[in-house]
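Novice: Shown below is the structure under consideration.
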Amino acid sequence: MAKNEKYIPALNQNWLTPLYDPLLKWGMRENEFKRHLVEYSNLASDQQVLDLGCGTGTLTIQIKRRFPQLKLIGLDGDSTVLHIAQKKAEAAGLSIQWREGMATALPYPDASFDRVVSCLMVHHLIASNKVKAFQEVLRVLKSGGEFHLLDFGKPSNLVMRMISIPIARLEEAGDNIQGLLPEMLRRAGFTSIVEIWRFKTIFGELVHYRILPEAI
Ligand SMILES: C[S@@+](CC[C@H](N)C(=O)[O-])C[C@H]1O[C@@H](n2cnc3c(N)ncnc32)[C@H](O)[C@@H]1O
C-alpha cells in the first residue's frame with residue numbers, strides 16, 4: 001500500500017476490513033448492484049478485463065463465474081483485501097489473477113484492456129487522484145474499450161441527500177455526491193459518459209456510468 005498518499009481501506013479503518021463482506025451483503029444488497037454491473041458492462045468471453053479496486057473480490061468472482069473464459073485481473077492497493085479475495089476464489093475453484101497496485105499508477109502498458117470495471121473504489125480517492133486514476137484507465141483501455149464505473153452519485157431527492165451526508169464526511173465521496181464525476185471524467189480525456197442505472201442504498205445512491213474514450 002502506498003505510504004505517501006491518503007489511502008482509505010475498504011471500510012475506512014484496517015481493523016474493520018473483516019466486516020466488509022457481511023456489511024455489503026446484508027446492509028447494501030451488493031448482490032443486486034453487482035449482478036447488474038456484470039450484466040450491463042458489455043462483457044464477453046474473449047476480453048481482457050481489469051476490476052479496479054477489487055477489494056475482497058466479490059465482483060471479480062461474479063464476473064469470472066458468468067464469463068469463465070474471460071482474462072481477468074483484480075487489482076487493489078491493499079494486500080489484506082487481496083488475500084481475502086484470493087482465498088474466496090480458491091474456495092470457488094476459480095483462476096483469477098490478483099495484483100497489488102495503485103489506481104493512480106496502473107502497472108500495465110497502454111491499451112491493455114477491453115473493459116475496466118470499478119465498483120465503490122473512486123469515492124476513496126481525493127479529487128486530484130480521481131482525475132489521475134481516470135487518466136490511467138483511459139491509458140490502459142484498448143481502442144473500442146469501455147470503462148464501467150459504479151459509485152456514489154448525486155442524490156436524486158432530499159431523503160437520499162440526508163442519507164449521503166455521513167459517507168461524504170467519512171470518505172472522499174463529496175465530489176461524487178455533488179455530481180462532479182462526469183466533469184472529472186471529461187477532464188481526464190473521456191468523451192462519452194452515460195448514466196445507465198441508479199440504485200438506492202442505506203449509505204447513498206449508487207450510479208452506474210458507461211464511459212467511452214471516443215464519442216458515439
Ligand atoms: C469500498 S472497497 C470496494 C471493493 C470492491 N470493488 C467492492 O465493490 O466490494 C474500496 C476498495 O478500493 C481500494 N482502494 C482505495 N484506494 C485505492 C487506490 N488508490 N488504488 C487501488 N485501490 C484502492 C481499497 O483498498 C478497497 O479495497
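Novice: If only one of Leu180, Leu212, Leu138 is more than 12 Å from the ligand (Cβ to nearest atom), more than 25 Å from Val49 (Cβ to Cβ) and either at pLDDT 95 or above or of a type in the set (Ser, Thr, Tyr) (or both), which one is it? Quick ask: steps written out before the conclusion?
Specialist: On the way: Leu212 fails: more than 25 Å from Val49 (Cβ to Cβ); Leu138 fails: more than 25 Å from Val49 (Cβ to Cβ).
Leu180 is the lone residue from the list that is more than 12 Å from the ligand (Cβ to nearest atom), more than 25 Å from Val49 (Cβ to Cβ) and either at pLDDT 95 or above or of a type in the set (Ser, Thr, Tyr) (or both).
Novice: Here's a follow-up. Tell me, please, whether a residue that is hydroxyl-bearing (Ser, Thr, Tyr), open to solvent by 30 Å² or more (accessible area, probe 1.4 Å), within 10 Å of the ligand (Cβ to nearest atom) and in contact with a helix residue (DSSP H, G or I) (Cβ under 7 Å, 6 or more places away or on another chain) can be found in the stretch 12-34.
Specialist: Checked against the condition, which is being hydroxyl-bearing (Ser, Thr, Tyr), open to solvent by 30 Å² or more (accessible area, probe 1.4 Å), within 10 Å of the ligand (Cβ to nearest atom) and in contact with a helix residue (DSSP H, G or I) (Cβ under 7 Å, 6 or more places away or on another chain), the stretch 12-34 yields no hits at all.
For (1) over 24 Å from Ser128 (Cα atoms); (2) near the ligand (Cβ under 8 Å from one of its atoms); (3) in contact with a helix residue (DSSP H, G or I) (Cβ under 6 Å, 6 or more places away or on another chain); (4) open to solvent by 20 Å² or more (accessible area, probe 1.4 Å), each residue gets a yes or a no:
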| site | (1), (2), (3), (4) |
| --- | --- |
| Asp46 | yes, no, no, yes |
| Leu52 | no, yes, no, no |
| Lys71 | yes, no, no, yes |
| Asp76 | no, yes, yes, no |
| Ser79 | no, no, no, yes |
| Ala91 | yes, no, no, yes |
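The values are calculated or read from the model by the stated rules, or taken from the named source; none is laboratory data. Small disclaimer: the values here were computed from a predicted structure and weren't measured. Don't worry about glycine lacking a Cβ; one is built from the backbone with ideal geometry, like all the others, and counts go over all protein chains shown. These accessible areas exclude ligands, DNA and RNA; they are computed on the full protein's heavy atoms, side chains included. Shrake-Rupley method; radii C 1.70, N 1.55, O 1.52, S 1.80 Å.
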